[in-house]
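The values are calculated or read from the model by the stated rules, or taken from the named source; none is laboratory data. Small disclaimer: the values here were computed from a predicted structure and weren't measured. Ideal geometry is used to build each Cβ from the backbone, glycine not excepted, and the neighbour counts take in all protein chains shown.
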Amino acid sequence: MNLEWLDAFLISGLFSVVVIIGLALLLHLQLGLTRIANFGVVGFFGIGMYSFGVMFTKVDWPFGDLPAFLISLAFGTLVAGLSGLLVGWLIADLDEDGVLVGTLGFATVVFILATTEQDLTGGALGLGGLKFPYDVGTVKADEFLWLIIVSIVVSLIFLYVWWVHRTPYGRLLIATGGNEPLARSLGKATFRTKLWLFAVGSAGMGLIGALFGVMERFLAPENLGIDVTLAAMVALVIGGTARAWGAVIGGFLIFGFFDIIVQSYIPFPKEWYGQAIPNAKLIVEGLVLMGVLLFRPLGILGAMQRDKLMRRVHG
Amino acid sequence: MDLDFFSKSIVIGLTEHAPLILAAIGFALLYRLTGLINVAYSETITLGAYFGMWFNTTYDLNFYTVLLPAGIVAGLISVGTYFAVFRPAKKLNVGALEMIIISFGLSIVLRHALQFVFGYPVRFFEVPPPVSIRVLGVGVGAFRILAVASVAAVSLALYYFIQRTSFGLQIRALASDEDLAQASGIRPLFVTVLIWFIAGVAGGMAGAFYGVSSSVAPLLGWRQFLFIFLVVVVGGRKGLGGVIITGALTGIALAAMTLQFGQVLYAQLALIIAFVVLLKWRSKRSIETVKV
């Protein structure tokens, strides 16, 4: 495959945008519809990434790379999903402070385990040995193909979110987020709904983490910083927490600008790219988060258009 | 397990984690009296460490001299964030959930903006090695003894201030019913500013203590935030006394488990799990009570 026309920075920039959109879409179900502020996005992302990495690199697989890769990927997703179930059970009936403690605590636990369990994770030194489950010639071609595969996965997540908006389950999530005691008094199992939401959302975040780890090829605790949670939250909030397209538009707007345009197309002095630009990027993310929530809480897309949507779905 | 282990845990726990109690008192003040979960409080702590280090290294002042100024600057910044962000947010009727996310955004902004001001590398206080004093057979640095004394002084001062002075009465009135307090002639703005300032001073001093005993880095406050928050959420129901006792017990438990496991991260891990399970158990109990 001749990919001379394609800049390597563009591939990595687009990849990070796609990953952030994926996480923001899943966060949309939790924060946007059910109004649960999951500050532990990076924990689920990280546990999926490390479970996949450890399974793939530490187990002596008796068969080829591809089946081992797929089994490890499923394992990472499953572990993240089960963690989501556990965290969901712990926080489902707590108020905002309990949710913050539980989710932030989980992310810290994952970071601690990634650092302390050196035999499995390599600790602070990191875990190498990850690779693509194919070889199509050059590194650039491999990465480009991986970008396409991950884009397809994130598109499927988008379709799931889009479908949820149109189902009774989606309406139940919105009702739970709007007024949980009312939903419960109408006989809706809100606790179970939240558990399922957390299990599925976390499994998705874990899958994205594993896919991200493959592109990184090297897992280190630095990948588990709060900036991952922040990125998903910013993308969602700027686009619109209540709308399925919010995460997509927000992700492209802010991270497309920083990770693609600033990185590849604006000729800033070279030394700025080391620390000044990443630092400025985080300041802008924080400012956007504050500015949008203060002055346009529902983001660019605004409020949900349930009436219109329901008319279209049900006639 | 012998007596030596217990005395070591208690001495190390109380002296090493005294800044945790100090920071938790400040956070609890904001949390209980304004109802706000201010994630950016972690940056008040970090800024206290940075300003303490800056006064210390730029003007060649010793640690004892820079401690209070560092706290005061952090207090002023805390008040600044109230006027710049939280007061406008309240006027715009921002919801509780959004308020947490806004404070999270502010935390990120402050954490990274301070790197443009103070530089990216990890910084250090320039202090002579502290004199070591033996307490129950355990050697403790003078700064840590000062940290314990500061916690005691700040706690007593706050208790006296809130329970015994007219300003304290105003603070309590404002916390329980803002409209009624205002109708009774209390100036809510002045009292609120006072709360933000005191909380900031406590956080800033805690930051200076953290900084002098290790290093000054952008993540200094954030690394402590979860534990401060846990102490306040679990102990805060019983007022400031509950926060101080929970903070002290947390410090002792962290020290004991660190001695036992040989690694502070395992101690933190066990503590996080224990606290979250405790919160879950408490919520289950309160639900049962509501049912009855």
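Taking the conditions exactly as written (surrounded by 17 or more Cβ atoms within 10 Å (Cβ to Cβ), in the same structural domain as A:THR77 (by TED's automatic domain parsing), among the β-branched types (Val, Ile, Thr) and touching a residue at least 24 places away in the same chain (Cβ under 8 Å)), does A:VAL214 satisfy them or not? Spelling it out, A:VAL214 is indeed surrounded by 17 or more Cβ atoms within 10 Å (Cβ to Cβ), in the same structural domain as A:THR77 (by TED's automatic domain parsing), among the β-branched types (Val, Ile, Thr) and touching a residue at least 24 places away in the same chain (Cβ under 8 Å). If you go through the range A:97-153 and pick out every residue that is more than 14 Å from every other protein chain (Cβ to nearest Cβ), small (Gly, Ala, Ser) and in a helix (DSSP H, G or I), you end up with 2.
Of the helices (runs of 4 or more DSSP H) lying entirely inside the range B:173-291, those containing at least 2 residues that are within 14 Å of another protein chain (Cβ to nearest Cβ) span B:220-235, B:239-261, B:264-291.
In a residue-by-residue description of the range B:85-99, the property of being in contact (Cβ under 8 Å) with a residue 40 or more places away in the chain and within 23 Å of B:ILE21 (Cα to Cα) applies to no position.
Candidates in the range B:102-131 are the residues that are among the aliphatic types (A, V, I, L, M) and surrounded by fewer than 13 Cβ atoms within 10 Å (Cβ to Cβ); of these, the one that is farthest from the other protein chains (Cβ to nearest Cβ) is B:VAL131. Starting from residues that are more than 25 Å from B:SER107 (Cα to Cα) and in the same structural domain as A:GLY302 (by TED's automatic domain parsing), keep the ones in the range A:217-247 and report whichever is surrounded by the most Cβ atoms within 10 Å (Cβ to Cβ). The qualifying residue surrounded by the most Cβ atoms within 10 Å (Cβ to Cβ) is A:ALA244. The criterion of being aromatic (Phe, Trp, Tyr), part of a helix (DSSP H, G or I), more than 9 Å from chain B (Cβ to nearest Cβ) and over 29 Å from A:VAL110 (Cα atoms) does not hold for A:PHE268.
For the range A:73-90, taking the residues that are farther than 21 Å from A:PHE52 by Cα and touching a residue at least 60 places away in the same chain (Cβ under 8 Å), the one that is farthest from the other protein chains (Cβ to nearest Cβ) is identified as A:GLY88.
Here B:MET99 passes the criteria (1) within 14 Å of chain A (Cβ to nearest Cβ); (2) farther than 30 Å from B:VAL216 by Cα except the one numbered (2). Inside the range B:155-191, residues that are among the polar types (S, T, N, Q) and over 23 Å from B:GLY242 (Cβ atoms) make up a count of 3. Restricting the range B:93-121 to residues that are part of a helix (DSSP H, G or I) and of a type in the set (S, T, N, Q), which is farthest from the chain's Cα centre (by Cα)? Result: B:GLN115.
All conditions but one from (1) under 17 Å from B:VAL193 (Cα atoms); (2) facing chain A (nearest Cβ under 7 Å) apply to B:ARG87; the one that does not is (2). Can you run down the residue pairs with Cβ atoms below 8 Å, 6 or more apart or on separate chains, where the first is in the range B:164-193 and of a type in the set (Asp, Glu) and the partner is assigned to a helix (DSSP H, G or I)? Filtered contacts from the range B:164-193: B:GLU178/B:PRO188. Within the range A:12-27, not a single residue is over 18 Å from the mean Cα position of the chain (by Cα) and either in the same structural domain as A:LEU207 (by TED's automatic domain parsing) or more than 27 Å from A:LEU172 (Cβ to Cβ) (or both). Kindly check whether there is at least one residue in the range B:122-132 that is assigned to a strand (DSSP E or B), over 30 Å from A:LEU287 (Cβ atoms) and touching a residue at least 12 places away in the same chain (Cβ under 8 Å). No, that holds for no residue.
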